[in-house]
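Derivation of every value follows stated rules applied to the coordinates shown; laboratory data play no part. All figures in this text were calculated on a predicted structure; none of them were measured in a lab. With ideal geometry, Cβ positions are generated from the backbone for all residues, glycine too; neighbour counts draw on all protein chains shown.
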Amino acid sequence: MTQEAATPHWGSSAVDVHEWNLPALKLGFILSRLPPSGRIVEIGSGEGKVLRTLALHRPALDLHGCDIRDPATPPSGFTFHRMTDSIPLDDASVAAVLFVDVLEHVPDPAHLLRESARVLAPGGRLIACVPVEGEPVSMYTLYKAILGKDTYVQTKEHVSAFTHRGLRALLEERFDLREVRYGYHSLGHFMDATFFAAARMRWLRDFWWKDNVYYNEEKTSSPGSVGLLNRLLVAGNAVAWAESTLFAKRSTLAAAMFVDAIVRPG
């Protein structure tokens, strides 16, 4: 009997923002730029990892999550909304919209950004962490040339690949960019692109979704190959965190953009 492939899930446990890893880097960026009050909505909230983290650190905020799938773990500290094509919230009703590794999963990112602008109140913020995997000179482009252009669609469901310039232009259709930071530079870029190119192998892809310590905390002390892979993953994350922190203002070879923007009137 053929075993079914592992179902993607991103975990529900809150992130420890003091650790030296990429999840902590992203949450630190978001927490330091959130408005002090109001309704906050995360698009593509998954099982609520980001929102549970925000609830711990910003309990006064009115937190909401939207996704095309119901969370496997019941919402705690936030309200969940099932969405299809549009964001199921009223016009000008939100203080900030969050995207954390989501826009690359969307076939029509321009539509989702228009929807985000619609629900934001005047002066509302867009805070986003977006992979940049479409640069002509990158390991992602190299692996896609060797393995096939749908490599990262298969291994991590990334259906949109942005360039730095293209992502900026897309955002600036509706938003004024206040701040842009960068992450996943040369080493983080290489490790991410290489791992997910190799994840065309079923066993490695299953490790990511079933046994990855950042999505499944109970795997922290797993024995054997799972434990070894997780130790390598933690070490790689520490390196990528240090590199992304040190070169946060440099776009060269960066494979992620962290954006703080304000919705443009009208």
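Compute the FRET efficiency between THR194 and HIS81 as 1/(1 + (r/R0)^6), taking r as their Cβ-Cβ distance and R0 = 30 Å, and round to the nearest 0.05.
Working: r = 37 Å, r/R0 = 1.22.
Computed FRET efficiency for THR194 and HIS81 comes out at 0.25.
Projecting the Cα atoms of PRO36, GLY46, VAL132 onto the dipole axis of the chain, where Lys and Arg carry +1 and Asp and Glu carry -1 at the beta carbon, places VAL132 farthest toward the positive end.
Pairs of Cα atoms nearer than 8 Å and 6+ residues apart set the relative contact order; for the range 72-169 it is 29 percent.
Give me the percent of DSSP beta bridges within the chain that run antiparallel, rounded to the nearest 5.
45 percent
Helical runs assigned H by DSSP (4 residues or longer) give the chain a calculated mean residue ellipticity at 222 nm of -10500 deg cm²/dmol, each run adding -39500 (n - 2.57) before division by the residue total. What order do you get for VAL263, VAL137 when you list them from fewest to most C-beta neighbours inside 10 Å? So the residues, fewest neighbours to most, are VAL137, VAL263. Applying a length cut-off of 20 Å (Cα extent along the axis) and a mean Kyte-Doolittle floor of -0.5 to the DSSP H helices of the chain leaves 224-246. Please tell me the relative contact order of the chain in percent, rounded to the nearest whole number, where contacts are Cα pairs under 8 Å and at least six residues apart. After rounding, I find 23 percent. If the chain linking ALA145 and ARG168 were pulled fully straight, counting 0.36 nm for each residue of separation and taking away their Cα-Cα distance, it would gain 5.8 nm. Pairs of Lys residues in the chain, spaced 8 or more positions apart or belonging to different chains, with C-alpha separations under 28 angstrom: 19 in total. Judged by the ratio a/c of the largest to the smallest principal axis of the C-alpha gyration tensor, the range 1-110 counts as oblate, that ratio being 1.5 or greater while a/b is no larger than b/c.
Magnitude of the Cβ-charge dipole of the chain, K/R +1 and D/E -1, about the Cα centre, nearest 20 debye?
So the dipole magnitude of the chain works out to roughly 460 debye.
Need one word for the range 158-211: rounded, prolate or oblate. Basis is the Cα gyration tensor (sqrt eigenvalues a ≥ b ≥ c); a/c below 1.5 gives rounded, then a/b vs b/c decides. Taking the square roots of the gyration eigenvalues as a ≥ b ≥ c, the range 158-211 is prolate. Okay, which of the range 102-132 sit inside 20 Å, backbone N to the point 7 Å along the Cα-Cβ direction of ALA72? Under 20 Å, as judged by backbone N against the label point of ALA72, lie 102, 105 of the range 102-132.
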